[in-house]
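*Asks:* For reference, the structure I am asking about is given below.
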Amino acid sequence: MPIIGSAVQFSRTGNPVDVVEVEEISTPDPTEGEILCQIEAAPIAPSHILTLSGVYGDLPDLPAVPGNDALAKVIKLGSGVSDFQIGDQFLLPRGSGSWRQYATVKAKDIIVTFPPGGNPLQLSMLLANPPTAYLMLTQYLNLQSGDWVIQNASNSSTGQYLIQLARYFGWKTVCVVRREESLKIPEKCGGDVVLVDGTDLAERVKEATGGADIKLGLDAVAGSATERISSCLSPKATIVNYGLLSGEPCQVKANDLVFREITLTGFWLNKWLREKSTSAEREQVYALLRDLVVKGILFAEVEATYPLSKAKEAVAHSTNGSKRGKILFTPQIES
Ligand SMILES: NC(=O)c1ccc[n+]([C@@H]2O[C@H](COP(=O)([O-])OP(=O)(O)OC[C@H]3O[C@@H](n4cnc5c(N)ncnc54)[C@H](OP(=O)(O)O)[C@@H]3O)[C@@H](O)[C@H]2O)c1
């Protein structure tokens with residue numbers, strides 16, 4: 001028997017708050033090799049907002065259920081599924097659409113399972129931001145103990161994971177935020193130097209780090225923010241842009257590119273997952289990060305949770321510039 005439950009859907013792109021609708025949908029019984037699961041928690045990420053707006057790198061056929069990441073729990077097994085039991089919790093496979101109460105997934109697509117217990121909100125955020133932080137810290141430079149990294153949007157959840165991972169591996173972080181009220185989050189995560197962005201960023205960074213060489217800059221904002229990160233870096237350093245929070249093209253001074261040989265490149269997790277990694281590498285990365293999340297070494301601040309019935313309020317809240325943590329759906333909780 002199919003199961004009926006709520007799901008957020010969108011059938012056109014545009015203003016994210018306008019395009020999301022909550023509907024009752026039917027989720028089929030699991031067939032051979034499939035699992036029927038209930039979604040326990042599903043975060044709202046900037047990439048989901050870009051998808052609803054129609055400007056993300058990957059757009060689904062419409063109508064679709066938004067969201068990509070979620071903690072799911074097994075409620076029914078299809079025939080031939082022997083590796084799972086009712087109640088097991090796992091990360092919903094990518095591309096399943098996560099803002100829903102129920103989903104049917106193929107057991108072979110599940111790459112992360114969790115031990116019983118744990119904080120469902122924290123577990124649900126493992127799919128995208130922790131590996132993004134980890135891969136950007138490890139794939140571009142061979143950082144040594146005590147090396148410095150600079151990042152902006154440091155109070156974002158990706159920024160928080162970056163700080164926690166850098167500390168775990170023995171690297172130091174300069175953490176830039178765009179407003180005074182956001183300083184507390186990177187400070188709490190253990191950022192070594194935490195500053196508000198501004199035109200004199202390079203001088204303040206130099207003073208705070210004692211003129212340290214900074215060879216890696218991580219930029220989620222783009223626009224003039226990229227140039228300010230660039231101005232803090234040592235010659236031959238690399239800037240990795242991974243977000244377009246400002247909506248502006250990345251700016252870097254020609255002097256920095258030509259005379260100081262700064263390299264600007266981009267990172268997209270979807271590319272790494274689809275084309276640039278083997279299944280063994282993906283399993284290795286997620287196993288490490290899963291353990292760090294389960295142990296509480298990696299965590300992200302949460303501002304609020306919403307039931308699916310309040311999808312419009314949740315989406316509006318997630319794009320509100322004054323929030324202090326993630327907004328998540330808890331689809332099994334009705335109010
Ligand atoms: N390339 C990839 O594969 C990949 C993977 C994961 C995430 N990302 C990107 O990483 C970024 C952070 O994602 P998240 O899920 O960690 O975010 P999040 O926790 O939802 O936080 C959003 C952050 O964006 C900041 N922000 C929004 N607009 C900004 C602007 N115009 N200038 C500066 N900061 C701004 C917010 O600062 P305030 O608190 O001041 O509003 C907040 O720190 C996003 O751009 C996302 O798309 C990329």
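Any read-out appearing in this document is the output of simple, stated calculations on the displayed coordinates, not a laboratory observation. Everything numeric here is computed off the predicted structure, so don't read it as measured data. Cβ coordinates were reconstructed from backbone atoms using ideal geometry, including for glycine residues, and neighbour counts include every protein chain displayed.
*Asks:* Listing 48, 317 from the residue with the fewest other Cβ atoms within 10 Å to the one with the most, what is the order?
*Replies:* 317, 48
*Asks:* When the dipole is taken about the Cα centre of the stretch 123-187, and only Lys, Arg (+1) and Asp, Glu (-1) are charged at their Cβ, what size is it in debye, to the nearest 20?
*Replies:* Dipole magnitude for the stretch 123-187 comes out near 20 debye.
*Asks:* Of the options 196, 177, 166, report the single residue whose Cα projects farthest towards the positive end of the charge dipole of the stretch 129-271 (beta-carbon charges: Lys, Arg +1; Asp, Glu -1).
*Replies:* Looking along the dipole axis, the top candidate is 166.
*Asks:* Continuing with the same structure: If you average the sequence gap of Cα pairs under 8 Å that are 6 or more apart and divide by the length of the stretch 129-271, what percent do you get for the contact order?
*Replies:* 21 percent
*Asks:* Take 1, 125 and order them by how many other Cβ atoms sit within 10 Å, fewest up front.
*Replies:* With the fewest neighbours first, 1, 125 line up as 1, 125.
*Asks:* Starting from the Kirkwood Rh over alpha-carbon pairs, what translational D in µm² s⁻¹ does the stretch 59-155 have by Stokes-Einstein at 37 °C and 0.692 mPa s?
*Replies:* 207 µm²/s
*Asks:* For the chain, what does -39500 (n - 2.57) per DSSP helix run (n ≥ 4), summed and divided by total residues, give at 222 nm, in deg cm²/dmol to the nearest 500?
*Replies:* -8000 deg cm²/dmol
*Asks:* On a full-extension model of 0.36 nm per residue, what is the gain between residue 261 and residue 274, subtracting their alpha-carbon distance, rounded to one decimal in nm?
*Replies:* Result for the pair: 1.6 nm of gain on full extension.
*Asks:* Restricting to Cα pairs below 8 Å that are 6+ residues apart, what does the relative contact order work out to for the chain? Please round to a whole percent.
*Replies:* 18 percent
*Asks:* Which angle from 0 to 90°, rounded to the nearest 10, does the C-alpha axis of helix 129-139 make with the longest principal axis of the chain?
*Replies:* It works out to around 40 degrees.
*Asks:* Express the Stokes-Einstein translational diffusion coefficient of the stretch 221-318 in µm² s⁻¹, to the nearest whole number, given a Kirkwood radius over alpha-carbon pairs, 10 °C and a viscosity of 1.306 mPa s.
*Replies:* 93 µm²/s
*Asks:* Something else: Assuming R0 = 51 Å, can you tell me the calculated FRET efficiency for the pair residue 319 and residue 82, based on Cβ-Cβ distance, to the nearest 0.05?
*Replies:* 0.75
*Asks:* Assuming R0 = 22 Å, what is the FRET efficiency of residue 21 and residue 59, from their Cβ-Cβ distance, to the nearest 0.05?
*Replies:* 0.80
*Asks:* From the convex hull of the Cα coordinates of the stretch 129-271, what is the mean projected area in square nanometres?
*Replies:* 7.7 nm²
*Asks:* Taking only Cα atoms and a 10 Å spring cutoff, compute GNM fluctuations for the chain and point out the largest among 245, 123, 218.
*Replies:* With Cα springs under 10 Å in the chain, the top fluctuation among 245, 123, 218 is at 245.
*Asks:* Using just the alpha carbons, could you tell me how many Å³ per residue the convex hull of the chain encloses?
*Replies:* Per residue, the Cα convex hull of the chain comes to 131 Å³.
*Asks:* Go ahead and run the numbers for FRET between residue 75 and residue 180, Cβ-Cβ distance against an R0 of 30 Å, rounding to 0.05.
*Replies:* 0.05
*Asks:* Additional query: Only four residue types carry charge here, +1 at the Cβ of Lys and Arg and -1 at the Cβ of Asp and Glu. Report the dipole size of the chain about the Cα centre in Debye, rounded to the nearest 20.
*Replies:* Here the chain has a charge dipole of around 460 debye.
*Asks:* Hey, what do the phi angles of the stretch 37-44 turn into as Karplus ³J(HN,Hα) couplings, whole Hz, using 6.51/-1.76/1.60 and θ = phi - 60°, x for Gly and Pro?
*Replies:* Values per residue, Gly and Pro as x: 10, 10, 8, 8, 7, 8, x, 9 Hz.
*Asks:* Among the aspartates and glutamates, which have Cα under 19 Å from the Cα of residue 108 when same-chain residues fewer than 8 positions away are ignored?
*Replies:* 29, 32, 34, 69, 83, 88, 275, 281, 283
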